[in-house]
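Data block below; observations after.
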Amino acid sequence: MPDLSPALPDERRALLEAARRVHVVGVGGSGMSAIARVLVGMGFEVSGSDAHDSATLERLAAAGVDVRVGNYPEAAEGADLVVSSTAVPADDPDIDAARRSGVTTWSRAELLSAVCATKRTIAVSGTHGKTTTSAMTAVVLSELGWRPSWIVGSEINGFGPGGHWDPGGDWLVVEADESDGTFTTLPAYAAVVTNVDADHVEFYGSVEALEAEFVRFAAQAGALSVVCADDPGARRVVETLLGVPVHALPRRPPVVTYGTSPSAGVRVEDVDMNGAGSRFAVRVGGVAPPGDGPNPESPLGSSQAGLSGAGSGGSGVVEVVLEVPGAHNVLNAAAVVTLVAMLGASPARVGEAVRSFRGVARRFERRGDVGGVVFVDGYDHLPGEVAAAIATAKLGTWSRVVVVFQPHRYSRTEALWAQFGACFAGADVVVITGLYPAGENPRPGVDERLIFDALRAANPEIEAYHSASLSDTAGLLARILKPGDLCLTLGAGDVTEVGEMVIAALGGRQS
């Protein structure tokens, strides 16, 4: 595990502030491109390299980043600092050139911890929902006039790119990635935990070890931790956090839970969902401090509020109209409402601000239509995420829900294939495509057919297909899709291209 010495973020901050030129390796990735934009906003000279050309690189060039497709070792040699993600191999020519020239090399997490040390940081984590929740937090704080900066792993629909720096603001919203354990290195003023599901077990060794790191993440927040009461894993995190002696933790901030559960300190009530969004109430009275602006010194309630339900009374009710669909997004919005109310915003203004959120790219994102068929794309790749996406689709008025799912990683498929069978319930047609390896080597007996067989065993009534390549999948869809259908492509790989392939083949228009 990484060194969690409290002094490290400030030491890194000093190193970062002494730098002038920063080179970003793998800059085309969503998380790295957001960081590159933030570095430009902070006043650094930023260069970057990526293995593939993309629209992201074009946008970064327009934003002032000196980008190159392929390696850019001379930029690395001339930089004061070189940053790369875990996806970049250790023998990458840019990294090698930096090391030979004596240039400091950092991981993405090391840079992120330095940036977080410069502002009052809100770190949002969870097995799923963290991108949407962090993006929504950024939008709400912006609408409230708090001038946040943010680093989010996706573009924010109708709002801007995933990276933004406001030199005049005090707040930074960060999507905190739990996949490699580095989220506990971020110096956070407030922490949000949306859920804790069985994932990344190969890295952590067990679900219990994963949950222990979420306890650590929540315990290290300087002022507040906001945790979902509806999720069993997140509830265990709260129970463990409040049950551990204080002297055994870095600190223990006030913990406030949210959700529809009777145990939640902040309750979600009167939920009315439809295919386009939802209306609901969030009862924060008795927990949230009053005020119209950020009030980080205000009392945040008892550290036991989340478990006892204390503070759920009172008249402070936030009426929320959410313009993105799905029960999971109701909880994501409740997390944001709870957080921002705890930080001192007035309930009425928070409710108005949430309505401005229009979602993020690749989260139930409408991509186009042709011949009466609507195409929606999602990044969902875990069993719970797939089930939530299908449940959201069923809220619409489509005649059939046709799901295309691309399994992600050999390790994840090997660990979770049996759980995928039941998650497709509610779909009318499911197409399982070839597995996306994400850089992993093949494993004997592990491929997409494990999930296909689990799907057929659990849901014999579903019309199911197996198609090994994306081109074959697009051809299959062109034959079986009918007017009135929703075609829902799901996965963290390149399955996002399928909808555009079908639209192009059938002569449709992209919206």
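The values are calculated or read from the model by the stated rules, or taken from the named source; none is laboratory data. From a predicted model like this one, the values you see are computed outputs, not experimental measurements. Note: ideal-geometry Cβ built from the backbone for every residue, glycine included; neighbour counts use all protein chains shown.
Of all residues in segment 21-52, exactly one satisfies the criterion of being polar (S, T, N, Q) and either surrounded by fewer than 24 Cβ atoms within 10 Å (Cβ to Cβ) or in contact with a Cys (Cβ under 6 Å, 6 or more places away or on another chain) (or both), namely Ser30.
Considering only segment 44-56, state which residues are in contact with an Asp or Glu (Cβ under 6 Å, 6 or more places away or on another chain) and either touching a residue at least 40 places away in the same chain (Cβ under 8 Å) or under 8 Å from Gly28 (Cα atoms) (or both). If you could, list the steps in order and put the result at the bottom.
Going residue by residue through segment 44-56, those that are in contact with an Asp or Glu (Cβ under 6 Å, 6 or more places away or on another chain) are 47, 49.
Within segment 44-56, just Ser49 meets the criteria.
Pairs meeting the criteria (first residue in segment 435-449 and under 19 Å from Thr86 (Cα atoms), second residue outside any loop (DSSP other than H, G, I, E, B), beta carbons under 8 Å, at least 6 apart or on different chains) are Tyr436/His408; Pro437/Tyr410; Ala438/His408; Glu440/Tyr410; Glu440/Ser411; Asn441/Tyr410.
Per-residue answers, yes or no, for (1) at pLDDT below 90; (2) closer than 25 Å to Pro148 by Cα:
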{"residue": "Arg216", "(1), (2)": "no, no"}
{"residue": "Val246", "(1), (2)": "yes, no"}
{"residue": "Val255", "(1), (2)": "no, yes"}
{"residue": "Gly275", "(1), (2)": "yes, no"}
{"residue": "Gly285", "(1), (2)": "yes, no"}
{"residue": "Ala288", "(1), (2)": "yes, yes"}
{"residue": "Ser302", "(1), (2)": "yes, no"}
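Listed here are the helices (runs of 4 or more DSSP H) enclosed by segment 115-219 that have at least 3 residues being within 19 Å of Gly384 (Cβ to Cβ) and among the β-branched types (Val, Ile, Thr): 130-143. Residues in segment 173-190 that are crowded, with 23+ Cβ neighbours inside 10 Å and either outside the structural domain of Pro253 (by TED's automatic domain parsing) or more than 19 Å from Gly31 (Cα to Cα) (or both): Ala190 only.
Of all residues in segment 448-472, which are in a loop (DSSP other than H, G, I, E, B) and surrounded by fewer than 18 Cβ atoms within 10 Å (Cβ to Cβ)?
Step one: of segment 448-472, the residues in a loop (DSSP other than H, G, I, E, B) are 448, 459-462, 468-469.
Pro460, Glu461, Ile462, Ala468, Ser469 - these are the residues of segment 448-472 that are in a loop (DSSP other than H, G, I, E, B) and surrounded by fewer than 18 Cβ atoms within 10 Å (Cβ to Cβ).
Conditions tested, residue by residue: (1) farther than 11 Å from His23 by Cβ; (2) in contact with a Phe, Trp or Tyr (Cβ under 7 Å, 6 or more places away or on another chain); (3) assigned to a strand (DSSP E or B).
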{"position": "Val40", "(1), (2), (3)": "yes, no, no"}
{"position": "Gly48", "(1), (2), (3)": "no, no, yes"}
{"position": "His52", "(1), (2), (3)": "yes, no, no"}
{"position": "Leu57", "(1), (2), (3)": "yes, no, no"}
{"position": "Ala61", "(1), (2), (3)": "yes, no, no"}
{"position": "Val69", "(1), (2), (3)": "yes, no, yes"}
{"position": "Val83", "(1), (2), (3)": "no, yes, yes"}
{"position": "Ala87", "(1), (2), (3)": "yes, no, no"}
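Counting the residues of segment 352-384 that are assigned to a helix (DSSP H, G or I) and free of Cβ contacts under 8 Å to residues at least 60 places away in the same chain gives 1. Annotation note: of Val502, Val430, the sole residue that is in a strand (DSSP E or B) and touching a Leu at 6+ places or on another chain (Cβ under 7 Å) is Val430. Note on segment 473-499: among residues that are part of a loop (DSSP other than H, G, I, E, B) and under 28 Å from the mean Cα position of the chain (by Cα), the one that is modelled with the lowest pLDDT is Ala492.
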